[in-house]
1. Which entries in the list Lys232/Lys302; Lys206/Lys329; Lys212/Lys329 go over 32 Å, if you measure between the two C-alpha atoms of each?
2. Which is the longest part of the chain that has none of the GluC sites (Glu not before Pro) sitting in a DSSP loop with at most 11 other Cβ atoms within 10 Å?
3. With all protein chains present, how much of the accessible area of the range 1-156 (probe radius 1.4 Å) comes from carbon and sulfur, to the nearest whole percent?
4. For the range 89-223, what size does the Cα cloud have along each of its three principal axes, sorted from largest down, in whole Å?
5. Could you check which residue among Tyr262, Tyr314, Tyr238 shows the biggest mean-square fluctuation in a GNM of the chain with a 10 Å Cα cutoff?
6. Just for the chain, what percent of DSSP beta bridges are antiparallel, to the closest 5?
7. I'd like to check one number: the per residue accessible area of the range 185-296, probe 1.4 Å, reported in Å² as a whole number.
8. What is the Cα centroid distance between the range 271-345 and the range 127-186, reported in whole angstrom?
Amino acid sequence: MTFDLQQARKLNKSLQSQLLETENLVAKLVIILKPITQLNEVEINQLLRAIESNNHQISRTLVLISRKLLETSHKEADPAIKSELSLALRNGNQIRNWMAIWPQIDNLVRMQIPSKRRKLFHESNAANDITISQLSAFDSAFEDLRIRISNQSQSADSLNHGCFADISLPNSVFLENIHAAYRLLLAQGQAAQSQFMDVGCGTGMKVLQASKFFKQVTGLEYDKGYAKIAKKLLTQMYVQNSRIIRGDGLTFDAYKDFNLVYFYRPMRDTNLLKKLEDQITHSVTPGTILFAPYNHFYYRHKELNCVPIGGKLYLAKSSQSQANALCRKAELTGTFFNKQHHPAPTIWEPIIEVSGDRGFGLEPVN
């Protein structure tokens with residue numbers, strides 16, 4: 001039977017219809033994945049099987065179009081048929097690439113079912129725990145690096161103002177808590193617009209770390225010399241989602257613009273520290289996550305209308321039941337935080353996006 005123009009058009013139309021069906025199935029899957037709740041495993045599996053089946057049809061159609069195009073490659077072939085087949089294959093390589101990465105996407109979705117809780121904090125405190133031993137070496141190296149970067153002493157002005165010199169929380173403790181905070185922001189639906197503030201950021205090392213997790217990171221520093229070092233560090237590291245503000249935390253009036261505020265006892269004087277805590281907790285909006293890893297804040301958190309979430313984190317202007325509910329919801333998120341995308345957008349992009357919003361991401365390709 002002779003292959004004619006009508007059949008060529010039918011093949012082209014069939015391919016476009018199959019691609020549209022995939023887009024529709026992806027859209028349905030995204031709707032199911034969107035909420036951070038227990039997922040409908042049966043419905044998700046049905047959609048994954050439907051996408052898999054449609055992918056096979058797309059692959060077969062591509063092979064058939066390629067074969068027919070090869071058969072009509074001779075000079076005497078109808079130019080209209082060749083044109084139609086070429087048009088159908090204009091995105092052939094791109095579509096084949098989409099099909100090739102489907103197993104990764106399928107695995108990404110299956111990581112999310114059945115829904116299970118993942119604790120926000122590491123529970124082991126044993127001194128011989130392998131992870132703790134490794135993190136201890138990491139903390140030591142990180143502290144050596146911080147001291148090397150901080151090549152000047154605290155200014156007399158900062159000392160007289162009641163500020164501490166640049167002191168550093170162990171970086172493993174910082175990372176554990178901001179990772180947990182990131183997952184809490186996912187549960188609040190705020191991770192994509194997350195605004196992190198380090199009050200008394202010193203030389204900016206914690207701002208640098210936080211930049212890996214949050215949309216925008218800000219360091220507030222009173223000491224002119226430390227602020228200069230922090231700006232230089234972040235500029236040299238090309239941290240484009242960061243800024244350093246030279247200012248006084250006691251009078252700073254924009255804490256309400258941040259949904260995560262970190263402060264590690266910036267003031268030496270107890271009365272000034274109380275004033276700073278009052279300023280922060282009074283200014284922030286309800287539901288703001290506060291990261292305050294020191295005892296003075298813990299002893300005051302009730303009078304400051306803050307409730308503990310876990311680790312060194314608190315929920316501002318909220319009840320304990322609200323904090324507990326947020327924690328339970330956050331435990332349903334994944335632990336992935338670095339949203340990596342393929343160089344070119346794919347038909348699977350909505351799945352990658354919604355999975356990232358739930359704390360799940362593609363494994364890096366080596």
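The values are calculated or read from the model by the stated rules, or taken from the named source; none is laboratory data. Nothing here was measured: the structure is a model prediction, and the numbers come from that model. Here the Cβ positions follow ideal geometry from the backbone for every residue, glycine too, while neighbour counts run over all protein chains shown. Ligands, DNA and RNA are excluded from the accessible area calculation, which covers all protein heavy atoms including side chains. Shrake-Rupley method; radii C 1.70, N 1.55, O 1.52, S 1.80 Å.
1. Lys232/Lys302
2. Values: sites that count: Glu76, Glu123, Glu303.
With GluC sites (Glu not before Pro) excluded where exposed in loops, the chain gives 124-302 as its longest stretch.
3. 54 percent
4. Taking the Cα atoms of the range 89-223, the three principal extents are 70, 44, 30 Å.
5. Ranking Tyr262, Tyr314, Tyr238 by mean-square fluctuation puts Tyr238 first.
6. 30 percent
7. Averaged over the residues of the range 185-296, the accessible area is 41 Å².
8. Result: 18 Å between the Cα centres.
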